[in-house]
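One structure below.
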Amino acid sequence: MNELNGYDIEDLEVGMTACFAKTITEADIILFAGASGDTNAIHINDEFAKTTPFGGRIVHGFLTASTISAAIANRLPGPGTIYLSQHMRFVGPVRPGDTVQAKVTVKEVIAEKGRVLLQTVFSVRGNVVVDGEALVRTTSRARREATSRAS
């Protein structure tokens, strides 16, 4: 592990998992709308949202997806990890007040490049709402040691 308790590439194995859960509050939705500029009525207007196929408001897709960033940055691989790419498929709605469970699973370790392919799954009450994959770069004990020897 690195000094911030993140996993180094040398510590990771296929099948390792970590989770992060977050209840999406009204404040989260309003703050995200303000920060992102996404003020789509499906997210913030009850009356309009009732007229849609969802029958009510839904949480921004990328607010939901941000929970995977927390799982990756704070849990697996953890501090020091850099996002390279994320693929997502949105398969179900998240509603205000829902608790999103984000789970990451190591699918592949590409040690020579310091990269890790992660399966990313988001669920609410056991139902998958978003699935995908992330490619990240993580820290390396060998790179740190080589750098310190060169100094």
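The values are calculated or read from the model by the stated rules, or taken from the named source; none is laboratory data. This is a predicted model, so every value here is computed, not measured. Counting neighbours? That spans all protein chains shown, and the Cβs are built from the backbone with ideal geometry, glycine included. Side chains are part of the model used for accessible areas, which takes the heavy atoms of the whole protein and leaves out ligands, DNA and RNA. Shrake-Rupley method; radii C 1.70, N 1.55, O 1.52, S 1.80 Å.
Assorted remarks:
- For the stretch 8-44, residues that are assigned to a loop (DSSP other than H, G, I, E, B) and of a type in the set (Lys, Arg) total 0.
- For the stretch 15-37, the criterion of being of a type outside the set (A, V, I, L, M, F, W, C), open to solvent by less than 50 Å² (accessible area, probe 1.4 Å) and farther than 23 Å from residue 118 by Cβ is met by at least one residue.
- Filtered residues of the stretch 45-62 (kept if outside any loop (DSSP other than H, G, I, E, B), more than 24 Å from the chain's Cα centre (by Cα) and not acidic (Asp, Glu)): 48, 49
This table checks each residue for (1) β-branched (Val, Ile, Thr); (2) surrounded by 14 or more Cβ atoms within 10 Å (Cβ to Cβ); (3) at pLDDT 95 or above.
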{"residue": "59", "(1), (2), (3)": "yes, yes, yes"}
{"residue": "81", "(1), (2), (3)": "yes, yes, yes"}
{"residue": "103", "(1), (2), (3)": "no, yes, yes"}
{"residue": "123", "(1), (2), (3)": "no, yes, yes"}
{"residue": "150", "(1), (2), (3)": "no, no, no"}
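- Residue tally, condition surrounded by 21 or more Cβ atoms within 10 Å (Cβ to Cβ) and within 13 Å of residue 29 (Cα to Cα), over the stretch 83-100: 1
- Search result, residues across the stretch 134-148 that are closer than 30 Å to residue 91 by Cα and either of a type in the set (A, V, I, L, M, F, W, C) or surrounded by fewer than 16 Cβ atoms within 10 Å (Cβ to Cβ) (or both): 134, 135, 136
- Scanning the stretch 70-79 for residues being surrounded by fewer than 17 Cβ atoms within 10 Å (Cβ to Cβ) and free of Cβ contacts under 8 Å to residues at least 60 places away in the same chain gives a total of 2.
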